[in-house]
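Remarks on the structure that follows.
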Amino acid sequence: MADWVRSFYQRPGYQKYAGLSYVIFLAGFFFLPTKAIRNYYYIFVLLPFLPWFFFFGLNKIFQSKILSVALLYCLYMLISLGWANGLDSMEALNYIRKAFLVISFITLTAYLLETSWDRLNTFFQVICWTAAMMGIVSSVWYGLFFYEDLAHNGYRMISLGILNFPLTAATCYSLVALIAFFNFFLQAEAPLKTRATSALVIVTSVSFVLLTHSRGPLLALAITLLVGVFLWRPKRVVWVFAFFILSFLAAAAIGLFEWADLTRRSDSFRLTIWQQSWDIFKNNPWIGYGLGGERPPITYDHGLAAHAHNLFLSNLLDGGVLSLLPLLVLLGFTARYALRYFVDRKNITLFSLAIFSILANLTDGKVLIVSPNHQWFYFWFPIGIIAAYELHCRSKSDFRQDFSAPPAQG
C-alpha cells in the first residue's frame, strides 16, 4: 500500500495539481474571505495530501530538525491543555485540530519544494503579482467607494480577503515587498523587465503598508531591508531609500495617508500591555496558564487587550518558560539554514524572511497554533520553505549541483 501511495504522489499529474492548488491557496490570502480560504485549503489542498502525510509524514518530519522542533513545540502546547482552566473538551479538540493543520501545512510546503525547488520562484511570482493587484484594488475599493467601512479601524486601510485588519494586512504586504526586492529586483542576472515589474510590486506593497498606518510591520520591513542590503549588496542601499520615498509619494497621492497617524497613537499602549503581560507571567512562570486557559486579564487605558501583542510573551503566558525553549530552538534552526542558503546560493531572500518573521512578531505576535490566517503566511510559510532547503542539504543528492543554477526570473 505504501509503495502505491508513494508512486501515486510522484506522478506528474498530482505534482502539477498539488503545486497549483497550493499557490492558489497562498494567493487567496489577498482576495478570499476567511471562511472561503479555510474551506478551500481543507478540500483542495489538505485532503488530497492526507494519504501521503499519514504514510510518510512523520518520517519526513523526523528527517528535518526544523520540522521536528516545530512538532515538539506544538506537542508541548497541546500538553499544556491539561492545566488550562476554563477550557471545555470541544475547545481542546479544536486546538488539537489547529496543531495538526499547522504541522501538515509546513510539511506539505517542505514536500512540494523538496520535490521541485523551481516551484519557489513560481510561488513567489504569483504571490507578488496577486498582492500588488489586490493592494491597488483594495485601495480603490475602500478609498473611493467604501471609505466609511474603515471608520472602526481609525480609517486605516485594510485589504479585501482574509487580511481585513490593518496590522495583519500590513504584515503580509511587507513580506511581499521583501520577496520582490530580494528575490527578484536585486538579483544580478535579473533582466530589465523583471526589475521593472518587481519595482512596481515593491512600491505598491510598501504604499499599502503605509496606508494601514501600522508602524510595527513598517519598522520591521525597514530594518530587514537595510540589514539584508548591507549583508548582500551594500552598494544598492540607495534603492531602499528610493523605494520608500516613491511609496510615500504614492500613498500621499492617493489622499488616504496622513503622516500624523504614524505618531499620534504613541506606542498604542504596547509598553503597558507588555508590562501587564510580564507581571501575569511571573505568577506562573514555568508552565504558564495552558493553551487557551483562563488567566488574569491584560488591562490598559482603553480596556482589555485580547493578547500580549508579542510572540514571546504570548507563549510565556500560555506555556511558560518551557514553551519558549522549543520556539527559540525552532527560530535558531530556521535562521541557521536560511543563512546557509544565503552563503551557498548567494541569495538573501530566505534569511530576510526569517528576520522579518521574528521582528514582525515582536509588536503583534501571539500563539502560533491557529487555523489558516495571516500567521501561516508570514511565519509558517517561510519556515516550511527553509525546512525544504534543510531537507535538500540532508539528502544524498549532490546539493551544490542542484542549487548551482541561478534562480529563474519572472
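Only the coordinates and a few stated rules stand behind these numbers; no lab work does. Keep in mind the model is a prediction, meaning the values are calculated, not measured. Positions of Cβ are generated from backbone atoms using ideal geometry, with glycine treated the same way; all protein chains shown enter the neighbour counts.
Values computed for the structure shown
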quantity	calculated
Identified option (computed Kirkwood radius over Cα pairs in Å; candidates (1) 21.0; (2) 29.5; (3) 22.0)	(3)
Shape call, the stretch 294-364: gyration tensor on alpha carbons, a/c limit 1.5	oblate
Surrounding net charge for residue 364, when Lys and Arg each add one and Asp and Glu each subtract one, Cβ distance under 11 Å	+3
Restricting the stretch 5-43 to trypsin sites (Lys or Arg not before Pro) in coil, as DSSP defines it, with at most 11 other Cβ within 10 Å	none
Cα-projected label distance for residue 47 with residue 193, points at 7 Å along beta-carbon direction, nm	3.8
Cα centroid of the stretch 73-147 to Cα centroid of the stretch 269-321, whole Å	23
Charge-dipole axis of the stretch 1-148 as Lys and Arg at +1 and Asp and Glu at -1 on Cβ define it, positive-most pick from 134, 85, 146	134
Computed helical MRE - 222 nm, the chain, DSSP H runs ≥ 4 contributing -39500 (n - 2.57), nearest 500	-20500 deg cm²/dmol
Overall form of the stretch 232-347 per C-alpha gyration tensor (a/c, 1.5; a/b vs b/c)	oblate
5 angstrom amide H check on residue 298, placed H, neighbours 5+ away	305
Neighbour net charge for residue 84 - beta-carbon separation under 13 angstrom, K R +1, D E -1	-3
Pairs of Lys in the chain closer than 28 Å at Cα, counting only those 8 or more apart or on different chains	23
Environment charge at residue 386 (Cβ cut-off 14 Å; Lys +1, Arg +1, Asp -1, Glu -1)	+2
Rounded to the nearest 20 debye, dipole of the chain from Cβ charges on Lys, Arg, Asp, Glu	980
Mean separation of Cα contacts under 8 Å (6+ apart) over length of the stretch 2-402, as relative contact order %	24
